[in-house]
Amino acid sequence: MAVNYDELRKRANDIRIDVIKSIHQAGSGHPGGSLSAADMMAVLFFHEMNIDPKNPKMPSRDKFVLSKGHAAPVLYATLAEKGFFTKEDLMSLRKLGSKLQGHPDMKKLPGVEMSTGSLGQGLSTAVGMALAAKLDGNPGRVYAMIGDGELQEGIVWEAMMAAAHYKLDNLTVLVDWNGIQIDGRNDDIMCISPVDEKIRSFCWETAVIDGHDVKSIAEALEKAGNFKGKPYAIIAKTIKGKGVSFMEDTNAWHGKAPDFEQARQAVAELGGEW
Amino acid sequence: MADKIATRKAYGETLAALGADNNNIVVLDADLSGSTMTKLFAKENPDRFFNVGIAEQNLYGIAAGMAASGKTVFASTFAIFATGRAFEIIRNSIGYPHANVKICATHAGVTVGEDGGSHQSIEDIALMRTIPGMTVICPADAVSTENLIKAVAEMDGPAYVRLGRSAVPVLYREEDSIEIGKAVTLREGKDFTVIATGIMVNEALTAAEALAEQGLDIRVIDMHTIKPIDEAAIIKAGKETKGIITAEEHTVMGGLGSAVAEVVVRNCPVPMDFIGIKDMFGQSGKPAELLKEYNLTAEDIKASVLRMFNQIKA
């Protein structure tokens, strides 16, 4: 089946616009790490994954865990775009009583496979899901997205060891490698390089790709899906804040909401309507 | 009735039997299967047993993921590592989503013995109690362990079960009914009440026998479920007896004693005393020596009752 890459690019763009709008409405949130992941989210949810918003619990479904849970806005925007809930719901992000909590809550929101937010734990739970799927002979695949700063958490490496030990080739991890965390660049704060070699040394198969090229993302996911015997990590080079000029490649927009003027400008840059 | 069986052994045997009948149960361990007795399940059901190695945080993360996939998960290690090292994983990945994971942790308290203070969890009940939606259980003997493990497998949601290393006397008969959340009054009494948990239940019974000879009629309650705590049993004791002493192989801060006091103060304020570890770390020694060293014996319970009796008289 031919992939409509333009369609995927449009999806990613729409997701970005909703990320900006919802975070602005909320008055808080994490735009930088949400925007850097948008292209991967579009490819996952509109091309790669076997999921059905009308049947969110179907047993053979693919599962996605956002281990970098602070990027909840990009997950929510993607789920809304996919039809798990409405775009109006998106604007309730972080409000008291909302299904859209500051970090994803599986008890409140359909489409969320695991409550995350405390870094590293999502990956560990994804390993559990993949292990259960293997045990059951369930064809559903597990995808987990982790951040680069998140690689500093020890549990990530415990999870990686276990995934390799149990030969979880039904697990694909995407590393959103935008190079920046809260206090600055990863390698200035606590050097994580070389990421590719580190993960390979834990007996995983890896690929390094341009995390903003939907074709590369789709092709890497296909390779990962066919790879047998080892779990697979797609290390996606991205730009934090991608798509909004003043948010790009800086830690300043890790966890800050744009004000009205900034949000309006961001949406305009993305070609959207306010 | 003269048998002594470790609660961890009863756990291992019960789990192995449950696993044979229910193939939705999976068991995880962190390189301590030989000690926690999950090895018994592993032997019977090897395809549903997973060792994660010395990685307790990952142990409970994987447990959460398997539970989210519909499994009934039992995940074991020593109490200190489960509730200490993995606390936040239990809190955020198991507690917060109310996952169907049963945290069955062994080697709790000072009776761990010679391994010493680093391995003796004296704070696990307090820690687990603070997690919303967590059921917290500390069985006193092998029979109640079997009952409660079966009950925990049936219930939906997270539970913490505290198990010990040492062989302990059997207190219950096979036919006794032991339910989560329902304290058992093992000895009726109208003077003072001792509410105990775990190994201290037997100590409380011994103290009650000794005190009977001195004309004091002591009620002994096995509070095996610390959360949800049996408030009715506590209030009844507060209304019907003159004082309550709690006894646990645990710090006096935040565990059974505190949980009981929270009920007593609001409903039936009576004098209370707390038998437990007085804000100190454990150390190496033989289990029996350590119980003496930390004032966790029948003698200590008896002395506390007599003190309270004398104070009230005065």
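The values are calculated or read from the model by the stated rules, or taken from the named source; none is laboratory data. Please read these numbers as outputs of a predicted model, since none were measured by experiment. Cβ atoms come from the backbone with ideal geometry, glycine included; neighbour counts cover every protein chain shown.
Worth pointing out:
- Flag if B:Ile226 is surrounded by 17 or more Cβ atoms within 10 Å (Cβ to Cβ), touching a helix residue (DSSP H, G or I) at 6+ places or on another chain (Cβ under 7 Å) and assigned to a loop (DSSP other than H, G, I, E, B): no
- Count of residues meeting criterion [touching a strand residue (DSSP E or B) at 6+ places or on another chain (Cβ under 7 Å), without any contact (Cβ under 8 Å) to a residue 60 or more places away in the chain and more than 10 Å from every other protein chain (Cβ to nearest Cβ)] in region A:120-156: 1
- Given (1) surrounded by fewer than 24 Cβ atoms within 10 Å (Cβ to Cβ); (2) modelled with pLDDT of 95 or more; (3) on the phi < 0 side of the Ramachandran plot; (4) not aliphatic (A, V, I, L, M), index of the condition B:Asp31 fails: (3)
- Restricted to helices (runs of 4 or more DSSP H) entirely inside region B:3-62, those with at least 3 residues that are of a type outside the set (Val, Ile, Thr), more than 14 Å from every other protein chain (Cβ to nearest Cβ) and more than 19 Å from the chain's Cα centre (by Cα) are B:7-21, B:39-44.
- Among (1) farther than 20 Å from A:Ile17 by Cα; (2) at the interface with chain B (Cβ under 10 Å from one of its Cβ atoms) - the single one A:Lys167 does not satisfy: (2)
- Single condition B:Gln120 does not satisfy, out of (1) polar (S, T, N, Q); (2) over 20 Å from A:Ala162 (Cβ atoms); (3) within 14 Å of chain A (Cβ to nearest Cβ): (3)
- Criterion: farther than 21 Å from B:Lys313 by Cα, crowded, with 17+ Cβ neighbours inside 10 Å and touching a residue at least 60 places away in the same chain (Cβ under 8 Å) - qualifying residue of B:Ala204, B:Ala247, B:Ala167: B:Ala204
- Filtered residues of region B:248-301 (kept if among the hydroxyl-bearing types (Ser, Thr, Tyr) and in a helix (DSSP H, G or I)): B:Ser258
- Here B:Ala82 fits the description: in contact with a Ser or Thr (Cβ under 8 Å, 6 or more places away or on another chain) and more than 7 Å from every other protein chain (Cβ to nearest Cβ).
- Evaluation of B:Cys104 against (1) under 22 Å from B:Ala55 (Cα atoms); (2) in a loop (DSSP other than H, G, I, E, B) (one fails), failing number: (2)
- For B:Asn310, the stated conditions hold: it is over 18 Å from B:Leu205 (Cα atoms), surrounded by fewer than 16 Cβ atoms within 10 Å (Cβ to Cβ) and either at pLDDT below 95 or not acidic (Asp, Glu) (or both).
- Residue among B:Asn147, B:Asn51, B:Asn92, B:Asn45 that alone is free of Cβ contacts under 8 Å to residues at least 24 places away in the same chain, over 20 Å from A:Glu113 (Cβ atoms) and not aromatic (Phe, Trp, Tyr): B:Asn51
- Only a single criterion out of (1) away from chain A (no Cβ under 14 Å); (2) touching a helix residue (DSSP H, G or I) at 6+ places or on another chain (Cβ under 7 Å); (3) over 23 Å from B:Ala10 (Cα atoms) is not satisfied by B:Lys102, namely (3).
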